[in-house]
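So the structure is just underneath, and the comments pick up after that.
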2 protein chains.
Amino acid sequence: MDVDYGLPRELSDLQNKRAHYQPLLPPCLQGTTVRVEFGDGTTTADLAGHHVISHSFPHTYGQPLAHFLRATAVVADAQIITEHPAMRVGFVFSGRQSPGGHNVVWGIYNALKIHNPKSVLLGFVGGTEGLFAQKTLEITEDVLATYKNQGGYDMLGRTKDQIRTSEQVNAALVACQTLKLDGLVIVGGVTSNTDAAQLAETFAESKCATKVVGVPVTLNGDLKNQFVETNVGFDTICKVNSQLISNVCTDALSAEKYYYFIRLMGRKASHVALECTLQSHPNMVVLGEEVASSKLTLFDITTQICDAVQARSEKDKYHGVILIPEGLVETIPELYALLQEIHSLQREGVSPDEISKQLSPWASALFEFLPPFFRRQLLLVPESDDSAQLSQIEMEKLLAQLVESEINKRLKLGTYKGKKFNAICHFFGYQARGSLPSKFDCDYAYVLGYICYHILAAGLNGYMATITNLKNPVNKWKCGAAPITAMMSVKQWSHGPGARSVGKPSIHPATVDLKGRAYEMLRLSAGNFLMEDIYRNPGPLQFEGPGSDTKTIILSVEDQDYMGRIKKLQEYLNKVKSIVKPGCSQDVLKAALSAMASVTDVLSVMTTPSYSSQSYI
Amino acid sequence: MDVDYGLPRELSDLQNKRAHYQPLLPPCLQGTTVRVEFGDGTTTADLAGHHVISHSFPHTYGQPLAHFLRATAVVADAQIITEHPAMRVGFVFSGRQSPGGHNVVWGIYNALKIHNPKSVLLGFVGGTEGLFAQKTLEITEDVLATYKNQGGYDMLGRTKDQIRTSEQVNAALVACQTLKLDGLVIVGGVTSNTDAAQLAETFAESKCATKVVGVPVTLNGDLKNQFVETNVGFDTICKVNSQLISNVCTDALSAEKYYYFIRLMGRKASHVALECTLQSHPNMVVLGEEVASSKLTLFDITTQICDAVQARSEKDKYHGVILIPEGLVETIPELYALLQEIHSLQREGVSPDEISKQLSPWASALFEFLPPFFRRQLLLVPESDDSAQLSQIEMEKLLAQLVESEINKRLKLGTYKGKKFNAICHFFGYQARGSLPSKFDCDYAYVLGYICYHILAAGLNGYMATITNLKNPVNKWKCGAAPITAMMSVKQWSHGPGARSVGKPSIHPATVDLKGRAYEMLRLSAGNFLMEDIYRNPGPLQFEGPGSDTKTIILSVEDQDYMGRIKKLQEYLNKVKSIVKPGCSQDVLKAALSAMASVTDVLSVMTTPSYSSQSYI
């Protein structure tokens, strides 16, 4: 940990030019006067779990939404924060690096200094371990200079991705008190933001003055809910991976002799794989969510791919590109069950050599069926979130091998009459994660950082910075903050003995919505993608000219503006109030009563847990 | 082969914008009037081999260089081609795809049509197999529309990379005669251009009217000699790979816990690895040429890497990025010798299962020492150029494993006191090869295509299109043509029984020049790269703005202009002639004689085979 952090460094021409790019601010954050409008107190979409959540977070559950508005906005209840005392804010990168993280720091820094030049921003060196050990680096213009709009987390480094055990939480509390922090900003994904919420609650309980703010930064794109449309880094990762996938598609079509099996990063959810498919039109993608919803087995998936290879061979095509999300292994029922048995034996301290002997008969049979490299990978110690080491499990190789032997079998039986099947496997992960962030991610991260300041200036605790209406240009973005607890849900089923998430309120990774528009687009094109080789190459990430302002297709087609709709509803309610004032006619009052009775009836039914258990998963 | 070639297709915004990019032409090729100046007859740098070459190529060896000049250029002997009869030209992609290939087609097409709209360009579908089978696609504006400035070879496809056996050569001859071709353009690397030279000779011998032209297109960058400064595709491949390597460097520095071992494409030579190192400053690169020149063993290389890991651990650094060219396996003496034994047994028809038993005792011992995955890869059938299947041999995994066990050994001995060594392996190959070509490669390929027309218009056979002065802007480029035979050499030593290249004149892949400026740059920085993590990120390939006009560092620092110097020498000789005319004073004549006698003495000594055998490898 003696690496020199925050030192200036040599930049390439392009890095240098990027370092001079200044992200725009939406109108509501321009200048030093910002209004805060508070909405109603929040609830959570998990109706069955909300008692558990409110019980676990007595101080931070149910807080209102906050909207940041222009100083000139005409909103009755909005308040202007006029006092800007000097503030001490701490900042920590928690969890895996994601392109754009540095810009969150920059945004906070600029907002702090514009409102009070005496304010101080301290970066914790080496992630959460730096927080526990109180190792800080004061962020200055000099420190920032060569990290603006740059990838990685190397300005400060990162380590473990959790603040969870009571030792860790206590260490964080002590650090914030010792350093006299007014605010602590935690940058990360679902796990880190769950930890942020817990920390906020603990701080409130302990009467610690430090307010905790979370920022949604994760390349997986799985911190998605009513308030959060996308995550910092997702745009860049999808663009870099789509470039590479497209290059492989072009390669496949030029050489006409290989099937490429490409595994993509993204943890449990398949958002990256879905976006890359919509961008580059490979022949096939095996989404984890489809597999889980149809309960497809390894055999089913192999058969699907083999049928595709066979259908293509009948059109004299012997090449193709197949995408596989890294989370797939955990969505295939029998592999998931096998992993659960292995992890449970590992928790009991059974040594790797012994595990295979102690598996149940069916699990043992499956284990022995798998090739040795894959068995070794399944035996790796699970991650801190209890999932398998997804980046290390070469699912693409397993599928390629299974497909090859099935095709060879069909060849012998005479049902497949084509040429030899040749597979090449790739894992696209680490080579995208450190990329220069896209313009979108630069802007999004910077503005989120800026919002963090306003959350702290408003004295809010346990909130996440949010921006909605992201598919539109920056000047249309709506800035706000939502209590992190409003994004939580409680898993009611068992994961196997001792698994952490059971019954504990958490932000859970959002999976691909199989009823959403993005998936609908894929479903409609899948047949053409499979057979017609209509590969599309979005090209390398551009910073000027065409393509530099494009956003992910998922963001562009999904109709999200939840925060806008919440505000619209407020307007309707206010309008009713303003029309039906004391003194209005009896008829108007009767009509209002009757109409509102009907509305409340419908909504009451829809929000009983018994109703929701049918539709809410 | 029923895939529909040359069909229009959907392009992304960026692809579409690129499709509308019009490469510039250097002044000498603008308009329809071009002068051709012929230089002296050519020789070859391989003095010992030049008798063999001239004997093998009686019709095409020793032809003069050609320079294409502006119509207005004042050069005494230059001739203007005024007749432009309609021409029929065939075009074939030979060998592996390289970004920019499509632009060669476009350049030929435009030059043909501008000089005579009745000229016809036929593309052979599916590479050399299309040539042998006479499967053609007439190139039109419509066919080209969606392939201009695009990657891959998918407009026409490609298959085998050779035109070598007498059946193949005859099939090509019949095809050219049947299709009444005036010219045949072959696009490819060292092998394909050697084949082009052979075809030119055979056609001349058979009094076939078709002239053969070669174009240097190979991402390996190893078709490099006095006449050829770089190859189409090399610039793009290095840029895409440098982007990815830089991303991995950023990732390494952010996470601080992994050593990344990255293997790069590039065949036998390490040009790609060298350029990527100069671009992105990884901690280490193991150049095949250094290994060969120092005769480093697997053990030596492992020790070098372990020493580096150890030195870094003493500075508390547990991350790093190490580049490995795919050709490395053939430059490590003991692995090379083992491969030779294996290939020789394969040629005798020994089955894969039997090979390990029939190896010599020392080779068998080495073979058994290697991990099973690596043994399987060594047993793959060699490529058409007799090299191992470099893209399939995971040298990076072997080194990572050897380093890991050596570090563990040192840990036990107490000589290494650091943290656990963790490696992640990558192969960057297929994901770069299909990239959109860089602006440089678009321009270079287009202009080379244009030159092909002028070579054919001048009636030349067995020439390669050449451009020199490439490090300068397009308007300074010098266009010419050199006989392919002038680039050949003859290997005088044995490769093992039956290996093709022994004694046969060929263009051999140029390896990294360990006395060159680019290598010198690396040597001077290697210590800093290793210890200081001065990673540099050139960023993704740009088409507008900063970085879009950069060229490879190798091209920029090397002082090449061979063609320019040849012309300069001609000028000196002419000057001497013009000063020492009959009638000049006796003193001037004496001085000239004495000076020229000394010059010719020096040059005679330098060009005897015995002198050259000391300095020429």
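The values are calculated or read from the model by the stated rules, or taken from the named source; none is laboratory data. The structure displayed is predicted, hence computed values, not measured ones. Heads up, the Cβs are rebuilt from the backbone with ideal geometry, glycines too, and the neighbour counts pull from every protein chain shown. Each accessible area value is taken on the protein alone, full model and side chains, heavy atoms only, with ligands, DNA and RNA left out. Shrake-Rupley method; radii C 1.70, N 1.55, O 1.52, S 1.80 Å.
Some points to look at:
- Take each peptide in B:402-413, A:350-361, count the other Cβ atoms within 10 Å of every residue, and average; sorted highest first, the result is B:402-413, A:350-361.
- Phi angles across the stretch A:282-295 convert, under the Karplus curve 6.51 cos²θ - 1.76 cosθ + 1.60 with θ = phi - 60°, into 3J(HN,Hα) values of x, 5, 7, 9, 10, 6, x, 5, 5, 4, 5, 6, 9, 6 Hz, Gly and Pro given as x.
- Axis angle, to the nearest 10 degrees, between helix B:190-205 and the longest C-alpha principal axis of chain B: 30 degrees.
- Annotation: amide H-H contacts under 5 Å for residue B:263 (H modelled 1.01 Å from N, sequence separation of 5 or more, or interchain): B:324, B:426, B:427, B:428.
- Highest mean first, the peptides A:529-538, B:14-23, B:184-193 sorted by other C-beta atoms within 10 Å per residue fall in the order B:184-193, A:529-538, B:14-23.
- Share of Cα-Cα pairs in the protein assembly as shown lying beyond 41 Å, as whole percent: 51 percent
- Three semi-axes of the equivalent ellipsoid, chain A, Cα gyration tensor, whole Å, largest first: 42, 29, 27
- Judged by the mean number of other Cβ atoms found within 10 Å, the most tightly packed of the peptides A:370-379, A:74-83, B:519-528, A:458-467 leads the ranking A:458-467, A:370-379, B:519-528, A:74-83.
- A simple charge model with +1 on the Cβ of Lys and Arg, -1 on the Cβ of Asp and Glu and nothing else charged puts the dipole of the protein assembly as shown at about 1280 debye relative to its Cα centre.
- Peptide B:15-27 has a mean shielding of 2, counted as Cβ atoms of other protein chains within 10 Å of each residue's Cβ.
- Reference-scaled alpha-carbon Rg (2.2 N^0.38 Å with N residues) for the stretch B:308-466: 1.49
- Taking the accessible area of chain B, probe 1.4 Å, and keeping the other protein chains in place, the carbon and sulfur fraction comes to 55%.
- Calculated label separations, residue A:600, copies of the chain, 7 Å along the beta-carbon direction, nm: 11.5
- Between 0 and 90°, nearest 10: helix B:439-457 axis offset from chain B longest Cα axis: 40 degrees
- Rounded to the nearest 500, the 222 nm mean residue ellipticity of the protein assembly as shown from helices alone is -14000 deg cm²/dmol, with -39,500 (n - 2.57) taken per DSSP H run of at least 4 residues.
- Violating pairs (Cα-Cα greater than 32 angstrom) within the set A:417/B:239; B:113/B:471; A:419/B:135; A:420/B:397: A:417/B:239
- Per-residue 3J(HN,Hα) values for the stretch B:78-87, derived from phi via the Karplus relation 6.51 cos²θ - 1.76 cosθ + 1.60 with θ = phi - 60°, read 5, 10, 9, 7, 9, 8, 10, x, 4, 10 Hz in sequence order (x marks Gly and Pro).
- Protein accessible surface hidden between B and A, which excludes ligands and nucleic acids, total in Å², probe 1.4 Å: 5100 Å²
- Shielding by partners - mean other protein chain Cβ count within 10 Å, residues of A:314-321: 1
- Of the residues A:157, B:547, B:55, the one whose Cα sits farthest toward the positive end of the charge dipole of the protein assembly as shown, with +1 on the Cβ of Lys and Arg and -1 on the Cβ of Asp and Glu, is B:547.
- In this structure, the amide hydrogen of residue A:423, modeled 1.01 Å from its nitrogen in the peptide plane, lies closer than 5 angstrom to those of A:259, counting only residues at least 5 positions away or on a different chain.
- Compactness check for the stretch B:29-168: Cα Rg over 2.2 N^0.38 Å is 1.27.
- The mean count of C-beta atoms from other chains within 10 Å of the C-beta of residues in B:542-551, rounded to a whole number, is 6.
- Here residue B:589 and residue B:162 are evaluated by their C-beta separation; at R0 = 45 Å the FRET efficiency comes out at 0.20.
- The residues neighbouring residue B:182, those whose beta-carbon lies less than 10 Å from its own, together hold a net charge of +3 under the Lys/Arg +1, Asp/Glu -1 convention.
- With all protein chains kept in place, the per residue accessible area of chain B amounts to 39 square angstrom at a probe of 1.4 angstrom.
- Residues of type aspartates and glutamates that residue A:317 reaches as a straight line, Cα spacing below 12 Å, ignoring anything fewer than 8 places off in the same chain: A:256, A:532, A:533, B:2, B:4
- Inter-copy label distances at residue A:528, shortest first and taken from points set 7 Å along Cα to Cβ: 5.2 nm.
- For residue B:321, residues with placed amide H under 5 Å, excluding near neighbours: B:260, B:283, B:284
- Note on residue B:568: aspartates and glutamates with a C-alpha under 17 Å away, same-chain residues under 8 apart excluded, are B:37, B:40, B:77, B:559.
- Counting only lysines at least 8 places from residue A:491 when in the same chain, those with an alpha carbon closer than 20 Å to its own are A:224, A:268, A:295, A:504.
- Counting from the shortest, the label point at residue A:51, 7 Å from Cα toward Cβ, is 10.2 nm from the same position in each remaining copy.
- Helix axis angle, A:271-280 relative to chain A longest principal axis, alpha carbon, degrees: 70 degrees
- Unit charges at the beta carbon, dipole of the protein assembly as shown: most positive-side option, B:438, B:116, B:228: B:116
- Each residue of the stretch B:101-107 is assigned a 3J(HN,Hα), and the resulting list reads x, 4, 6, 5, 4, 4, x Hz, derived from the Karplus form 6.51 cos²θ - 1.76 cosθ + 1.60 (θ = phi - 60°), x at Gly and Pro.
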